[in-house]
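Before any comments, here is the structure.
A short reminder: the numbers here are calculations on the coordinates, not readings from a lab. Just so you know, these numbers come straight off a predicted model, no measurement behind them. Glycine gets a Cβ as well: all are built from the backbone with ideal geometry, and neighbour counts include every protein chain shown.
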Protein chains: 2
Amino acid sequence: MKKGELTRSAIVSSALELAGLEGLEGITLGKLAERMAMSKSGVFAHFGSREELQIAVLKAHERRFAEDVLLPALSRPRGLPRVRAIVERWIDHTGAAAGGGCLWIAGASELDDRPGPVRDVLVGMVRGWQRELMRAIAQAVEAGELRADLPPEDLLAGLFGVVLVLHHDRRLLRSPDALARARRVADRLLAEAAAAAPSARPRPAPRRPRESPAR
Amino acid sequence: MKKGELTRSAIVSSALELAGLEGLEGITLGKLAERMAMSKSGVFAHFGSREELQIAVLKAHERRFAEDVLLPALSRPRGLPRVRAIVERWIDHTGAAAGGGCLWIAGASELDDRPGPVRDVLVGMVRGWQRELMRAIAQAVEAGELRADLPPEDLLAGLFGVVLVLHHDRRLLRSPDALARARRVADRLLAEAAAAAPSARPRPAPRRPRESPAR
């Protein structure tokens with residue numbers, strides 16, 4: 001990596017931390033320069049605009065999210081074990097983010113009424129994540145491990161709701177039991193999506209041996 | 001109402017509209033004065049501080065929310081009919097808010113990391129609303145219409161998740177089917193919370209005739 005790339009990467013890391021504390025709109029040239037012990041113009045030499053910097057921060061968050069949540073879960077077998085691993089990691093990721101919460105969730109509120117390239121990038125990322133989860137759900141339906149009569153987008157909405165409530169209850173209400181509750185509600189949603197499968201068919205379909213969740 | 005109170009009330013209405021568009025932090029003296037065709041000092045003569053104005057806006061939203069959601073539902077019989085009425089109205093309220101969304105949800109993101117009196121007021125309102133919903137759920141459990149083995153706070157979290165996802169999908173993703181999906185997911189949560197009640201007891205308890213939802 002060249003020196004310019006290293007500096008750029010360090011600025012993005014610092015901006016990502018700052019965004020965790022103060023939101024995407026909290027990323028200002030002045031604050032970043034102070035954190036980096038650089039001049040304002042030195043910081044902005046690396047980015048054509050504040051929007052470009054915000055987009056770089058969203059991309060850095062997406063990489064971290066993929067490393068934390070999606071990639072490890074993809075090593076689990078297709079079907080319900082993979083769906084469970086994704087959901088568990090997603091909940092842990094959202095609950096663990098010390099104070100910062102999830103930048104996509106916080107960013108949704110900041111950007112939902114601000115048309116522009118940053119909002120477009122965020123929408124694309126959220127949709128991309130939903131597609132990944134929908135694919136994992138569809139594979140579990142195909143494998144006969146999740147009910148075929150339940151619209152997959154409804155299960156996705158239920159799971160997404162668990163994560164949004166966790167984010168809200170941790171950040172606003174500071175509920176100490178938010179994480180445990182999120183895990184219970186998600187488990188119940190998955191159990192209900194799975195449990196009725198045999199009765200939805202004339203006879204229980206043969207099942208692959210059920211693996212325990214990733215963690 | 002005296003003239004001063006009328007003016008104050010008109011300022012709060014205008015600020016509530018503004019907050020629906022730009023958030024609680026979007027309420028500025030300058031913008032309000034412009035909307036009211038008043039001087040800045042004229043607007044602020046009615047409020048001791050910007051925080052006091054923000055709190056007045058939150059209270060106005062709470063009144064409107066109670067009128068839209070809670071009070072009409074309280075006219076339904078205790079138990080599942082009342083829970084259903086609350087949930088239906090809550091979803092309609094969140095889905096209908098033309099563009100503005102729910103000020104409590106938007107405000108949660110704005111205020112969750114800003115300690116102070118405005119945040120405290122919002123937390124108190126959200127907790128108050130949760131208590132109302134918990135009370136309605138507890139009555140339905142007592143009436144034997146909802147499962148006693150399901151923690152009421154888990155059902156509450158599930159329903160709250162439906163509303164948060166609706167808000168997110170309408171505002172950020174502009175999903176045309178967000179409202180229909182929210183209704184389906186909420187119906188399923190309530191059906192699952194209700195359906196297992198008979199099997200949780202040795203014999204089905206006698207049930208009151210099931211009333212159709214309020215709307």
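Observations on the model:
- Among the trypsin sites (Lys or Arg not before Pro) in the range A:64-113, none sits in a DSSP loop with a Cβ that has at most 15 other Cβ atoms within 10 Å.
- Measure of compaction for the protein assembly as shown (Cα Rg per 2.2 N^0.38 Å): 1.07
- Loop-located chymotrypsin sites (Phe, Trp or Tyr not before Pro) across the range B:1-82 with a Cβ neighbour count of 13 or fewer within 10 Å are lacking, with loop assigned by DSSP.
- Listed residues A:His167, A:His46, A:His61, most fluctuating in chain A (Gaussian network, C-alpha, under 10 Å): A:His46
- Residue with peak Gaussian network fluctuation, chain A [Cα springs, cutoff 10 Å], from A:Ala37, A:Ala140, A:Ala193: A:Ala37
- The Rg/Rh ratio of chain A, with both radii computed over alpha carbons and Rh defined as the Kirkwood radius, is 1.05.
- When you restrict to C-alpha pairs under 8 Å that are six or more residues apart and normalise by the size of chain B, the relative contact order lands at 22 percent.
- Candidates B:Gly161, B:Gly128, B:Gly116: whichever shows maximal mean-square fluctuation once chain B is modelled as a Gaussian network with Cα springs under 10 Å: B:Gly116
- Lys/Arg +1, Asp/Glu -1 at C-beta; chain A dipole; positive extreme among A:Pro151, A:Ala19, A:Val123: A:Pro151
- The range B:1-66: C-alpha gyration tensor shape, a/c 1.5 cut-off, then a/b vs b/c: oblate
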